[in-house]
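S.K.: Below is one structure. I have some questions about it.
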Amino acid sequence: MSRRIRRWNGAVLTVALGGALAAGCGAPGGDAPQAEATGTSPSSASSAPTCGTAPVTLNGYFETGFPVPKDLADEFTKQHPNVTFNIREDQFAVITQNAPRVLADDPPDLMRLPQVSELVKNNLLKNLDGYAKAFGWDSWPASQLQQMRMVPGGKTRGEGSLYAMGLNFSMTGVFYNKKLAAKIGMSEPPATLAELDDALAKAKSAGVPPIAQFNGGATGGLAFPLQDLMAAYGPPGPINDWIFQKPGATIDTPPNLAATRHLEKWIKAGYFWKDVNAVDYATMMSRFIKGEGLFMFNGDWESGNLDKQMPGDVGFFLMPPEREGGGQAAMSAPLTFGISSRAKNADCAAFFLNWVATDAKAREIGVRVGGSHPMGPADAAMPEVKAGTVTASTLEAGAKIGKDNGAMDFIANATGAIYAKSWTPQLQKLVAGQQTPDGLLKSVQSDYTSQVGGS
Amino acid sequence: MARRTPKTRRPGPARAAGLRTPSWVGWLFVAPALAVYAVFVLRPIALTFQYSVYRWDGIGSSTWAGLSNYGKVFTDPDLFATILNAVKLIVFFSLIPVVLGLVIASTIRRIAASRLALAARTVLFLPQVIPLVAAGIAWSWLLSSTGLVNQLLSRIGLGGVTRAWLGDFSTALPAVGVIGAWVLLGLCTILLLSGMSKIDPALYEAARMDGAGPVREFVSITVPSLRQEIGVCVTVTVIAALASFDIVYVATQGGPGNTTMVPGLEIYYLAFSERQVGTASALAVVLMVLVIVVALPIQWLTKDRSS
């Protein structure tokens, strides 16, 4: 009797634990889609796909706090009443963490995307080459789509097949407070790096905080001025190669070292706030709007906001070159959207993306609400913008960057971990005087090598 | 799956046959809880063990990695530093709340009848009620360069030491520790206070007759009688220190320059930002073992052996 019961107990335990451990058999993973034939073409190869006339519901996964996609979706439904949107929103950080799982398990037709490399590697994104051909995206300025191209297998970015599309593309540079600029006698934006240095020194001695920037927590905002300085000292090509993981690329180059030394000079001269290592992005914005900084290295996604908060008081210029008349470069990135490789309405989603870039009303929404340059052909009509606004000057800067072929991706996007694990702590150490410019670049490069080689 | 044979078991004590109810009825009652425990506790632990021996990005196919992920935890200076930071946090999360909690609890006990005691208890316990995220945000305002802490310091002529406490390499970890101490102090105080109410007042009376002062009473009667409560406090707070996540995530996100990076946060970053599920799982297993290794001796040391 006793023995039988004991065996029973054992059996219960075994069942319970066995159930718990059942997953312990076999390697994890493997539920990602298989690679599709390269260069998938839209269902009707002869003509460009449309949304048809039957009712369609597009599943969208958008970013909270950025109204552009939602406004575009509403306008699209107005023009194409058979298409409605089922939209889910999340913070960008949440989207970044969830992207692979969502694309695999609950495939959206349209999704705001983080860095695409890993998603392409796991075959989660639809190859858009067929659509690009059908809609003629190939004839747009190549730099608009470059960042969303990947070599099959997802190793190198910047070339190969198209895996995502932008709703618009943003541009970074330097915002300045016109009232504070008048105080130090700066009547127009600096034309060279030396003039910028001069303005910074004048501001410092006049008691005006020279630079509003953030560098706290897990987001090292000094990467903005650093990459701008890199662009002032050298050509953007090698920096892009590094970001796109071209074999043999390195960030530890003489121009970049000069740029990092220049940044260190600014730090030592006290041009940044003393507590910059504790300032986050939101704090930087509120302090700049309150007038606690002459310059701010940031992007045109804030143009609309600044036009509203400090009307007429803010200017924007691209990072000045080292020598007058030199080429200019800027971090510029599309507001990336992709189509899941398992999406039900891929054709309609692609039609929507094309509509965003080509429809006059859609382009106007992109500029007015988003503050950034629309995608599309170089000669497409630009929406009217009020002269003298920040939005007007950022759009103008976008044209200049296009002419100088100076678009760069952000150095924080080189690998999934490089920003949080390398740039941010290293820049925070540079501020605290615990790292040298040379040590910073060498350390970032060694992390990069191990991540690129090890992944 | 192999099942242990009954033969290897030690024979149990003989029980009176007449009293035996079928013991599987007991299992029936336990089954729901056991099922929940198995699915939500045992299974994740088993999966974590499994993931820790693979190299996996969370989606695609995985490759066998053996123990190399564990090797990385102990050889990668960044990963190992997180464990050291957690150990340093024990001072703030554990030592300060328990010592200060003892002092405060015995003070409150002396004035137990007054309204002040009630107010003090409420104020001290409040941090336990407030969500940790809210507490973290409030504290990051207090500790910012223009926050209340620096305003007070400037007011009393200590303007020279003001700084962004959470953004300074030398003060960020202690500043996070102070937040943790504030949160856990109330818990310890209330726990110790309830323990004190169980102490026989006759002991104090006898001590006073023998001429003992308040300090002597505290050392010779209060502390030894609270052995078990102190044990619970230390265990809970040490685990809170080693497994800290929310306060650090809200206050500093591990910065500046990784000075406040703790294992919990690193596991999260590894798994969800860097998609190194294997390394993250290995660090999680190491953290679990560390917690057990630290908590078991505390349990043993503070066990009440008199009963």
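S.K.: When you go through (1) surrounded by 19 or more Cβ atoms within 10 Å (Cβ to Cβ); (2) farther than 24 Å from residue A:157 by Cα; (3) in contact with a Pro (Cβ under 8 Å, 6 or more places away or on another chain) one by one for residue A:261, which number turns out not to apply?
M.R.: Going through the list (1) surrounded by 19 or more Cβ atoms within 10 Å (Cβ to Cβ); (2) farther than 24 Å from residue A:157 by Cα; (3) in contact with a Pro (Cβ under 8 Å, 6 or more places away or on another chain), residue A:261 breaks only (1).
S.K.: What tally of residues in region A:401-446 results from selecting those that are closer than 23 Å to residue A:235 by Cα, out of contact with any Phe, Trp or Tyr (no Cβ under 8 Å at 6 or more places or on another chain) and part of a helix (DSSP H, G or I)?
M.R.: Within region A:401-446, residues that are closer than 23 Å to residue A:235 by Cα, out of contact with any Phe, Trp or Tyr (no Cβ under 8 Å at 6 or more places or on another chain) and part of a helix (DSSP H, G or I) number 16.
S.K.: Now, a different point. Check off (1) outside the structural domain of residue A:226 (by TED's automatic domain parsing); (2) out of contact with any strand residue (DSSP E or B) (no Cβ under 8 Å at 6 or more places or on another chain); (3) modelled with pLDDT under 90 for residue A:395 and give me the number that stays unchecked.
M.R.: So the condition that residue A:395 fails would be (2).
S.K.: Residue pairs, Cβ under 6 Å, 6 or more apart or interchain, first in region A:174-190 and in the same structural domain as residue A:296 (by TED's automatic domain parsing), second part of a strand (DSSP E or B) and polar (S, T, N, Q). List them.
M.R.: A:175/A:298
S.K.: Scanning region A:396-406 for residues that are of a type in the set (A, V, I, L, M) and in contact (Cβ under 8 Å) with a residue 60 or more places away in the chain, which turns out nearest to residue A:305 (Cα to Cα)?
M.R.: Taking the candidates together, the pick is A:397.
S.K.: Just give me the residues in region A:108-126 being over 15 Å from residue A:63 (Cβ atoms) and touching a Pro at 6+ places or on another chain (Cβ under 9 Å), in sequence order.
M.R.: Passing the criteria: A:118, A:119, A:120, A:122, A:123, A:124.
S.K.: Okay, moving on. Would you confirm whether or not region A:371-384 contains a residue that is within 11 Å of chain B (Cβ to nearest Cβ) and in contact (Cβ under 8 Å) with a residue 24 or more places away in the chain?
M.R.: No; the residues of region A:371-384 include none that is within 11 Å of chain B (Cβ to nearest Cβ) and in contact (Cβ under 8 Å) with a residue 24 or more places away in the chain.
S.K.: Tell me the residue from A:171, A:165 that is among the aliphatic types (A, V, I, L, M), at pLDDT below 90 and crowded, with 21+ Cβ neighbours inside 10 Å, please.
M.R.: A:171
S.K.: Would you check if residue A:429 is more than 23 Å from the chain's Cα centre (by Cα), on the phi < 0 side of the Ramachandran plot, surrounded by 21 or more Cβ atoms within 10 Å (Cβ to Cβ) and within 14 Å of chain B (Cβ to nearest Cβ)?
M.R.: It is true that residue A:429 is more than 23 Å from the chain's Cα centre (by Cα), on the phi < 0 side of the Ramachandran plot, surrounded by 21 or more Cβ atoms within 10 Å (Cβ to Cβ) and within 14 Å of chain B (Cβ to nearest Cβ).
S.K.: Residues of region B:264-295 being part of a helix (DSSP H, G or I) and touching a strand residue (DSSP E or B) at 6+ places or on another chain (Cβ under 9 Å), which ones?
M.R.: Selection gives B:277, B:278, B:279, B:281.
S.K.: List the residue pairs whose Cβ atoms are under 7 Å apart, where the first residue sits in region A:62-83 and is closer than 22 Å to residue A:103 by Cα, the second is part of a loop (DSSP other than H, G, I, E, B), and the two are 6 or more positions apart or on different chains.
M.R.: So the pair list comes out as A:64/A:91; A:83/A:51.
S.K.: For region A:43-145, which fully contained helices (runs of 4 or more DSSP H) count at least 2 residues that are more than 30 Å from residue A:420 (Cβ to Cβ)?
M.R.: The helices (runs of 4 or more DSSP H) meeting that bar are A:68-79, A:129-135.
S.K.: If you check residue A:381 against the conditions, is it surrounded by fewer than 20 Cβ atoms within 10 Å (Cβ to Cβ) and under 21 Å from the mean Cα position of the chain (by Cα)?
M.R.: No: the conditions fail for residue A:381.
S.K.: For region A:81-102, what are the residues that are within 11 Å of chain B (Cβ to nearest Cβ) and either touching a His at 6+ places or on another chain (Cβ under 6 Å) or of a type in the set (Ser, Thr, Tyr) (or both)?
M.R.: A:96, the sole residue that qualifies.
S.K.: Looking at the structure I just gave you, is residue B:124 surrounded by fewer than 17 Cβ atoms within 10 Å (Cβ to Cβ) and in a helix (DSSP H, G or I)?
M.R.: When the stated conditions are applied, residue B:124 does not pass them.
S.K.: Can you pull out the residues in region B:205-219 that are farther than 30 Å from residue B:127 by Cβ and either part of a helix (DSSP H, G or I) or in contact with a strand residue (DSSP E or B) (Cβ under 8 Å, 6 or more places away or on another chain) (or both)?
M.R.: Across region B:205-219, the qualifying residues are B:205, B:206, B:207, B:208, B:209, B:216.
S.K.: Looking at region A:311-324, I want the residues that are over 16 Å from residue A:285 (Cβ atoms) and have a partner that is surrounded by fewer than 20 Cβ atoms within 10 Å (Cβ to Cβ) and among the polar types (S, T, N, Q) with Cβ atoms under 6 Å, at least 6 apart or on another chain. Which pairs are those?
M.R.: A:320/A:192; A:324/A:192
S.K.: Residues of region A:328-349 being under 28 Å from residue A:403 (Cα atoms) and in contact with a Leu (Cβ under 7 Å, 6 or more places away or on another chain), which ones?
M.R.: Scanning region A:328-349 gives A:328, A:330, A:335, A:336, A:337, A:338.
S.K.: Being in a helix (DSSP H, G or I) and without any contact (Cβ under 8 Å) to a residue 12 or more places away in the chain is the filter here, so list the residues in region B:75-98 that pass it.
M.R.: The answer is B:75, B:77, B:80, B:84, B:95.
S.K.: Another question, then. Name, by its number, the condition in (1) crowded, with 16+ Cβ neighbours inside 10 Å; (2) out of contact with any Gly (no Cβ under 6 Å at 6 or more places or on another chain); (3) touching a residue at least 12 places away in the same chain (Cβ under 8 Å) that does not hold for residue A:98.
M.R.: Every listed condition holds for residue A:98 apart from (3).
S.K.: Within the set of pairs 6+ apart or on separate chains, which have a first residue in region B:255-282 that is facing chain A (nearest Cβ under 7 Å) and farther than 16 Å from residue B:57 by Cβ, a second that is charged (D, E, K, R) and not in a helix (DSSP H, G or I), and C-beta atoms under 8 Å apart?
M.R.: B:256/B:168
S.K.: Only one of these conditions is not met by residue A:219: (1) farther than 26 Å from residue B:270 by Cα; (2) within 19 Å of the chain's Cα centre (by Cα); (3) among the polar types (S, T, N, Q). Which number is it?
M.R.: Single failed check for residue A:219: (1).
S.K.: Can you tell me which residues in region B:51-74 are part of a helix (DSSP H, G or I), within 11 Å of chain A (Cβ to nearest Cβ) and buried (at least 20 other Cβ atoms within 10 Å of the Cβ)?
M.R.: Listed by number, the list holds a single entry, B:51.
S.K.: Could you check region A:103-121 and list, in sequence order, the residues that are within 14 Å of chain B (Cβ to nearest Cβ), of a type outside the set (Val, Ile, Thr) and crowded, with 24+ Cβ neighbours inside 10 Å?
M.R.: Result: A:103, A:119.
Okay, residues lined up against (1) closer than 30 Å to residue A:280 by Cβ; (2) among the small types (Gly, Ala, Ser); (3) touching a Cys at 6+ places or on another chain (Cβ under 6 Å):
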position	(1), (2), (3)
B:173	yes, no, no
B:205	no, no, no
B:222	no, no, no
B:240	yes, yes, no
B:250	yes, no, no
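The values are calculated or read from the model by the stated rules, or taken from the named source; none is laboratory data. None of the values given here were measured: they were computed from a predicted structure. As a convention, Cβ positions derive from the backbone with ideal geometry for all residues, glycine included, and neighbour counts pool all protein chains shown.
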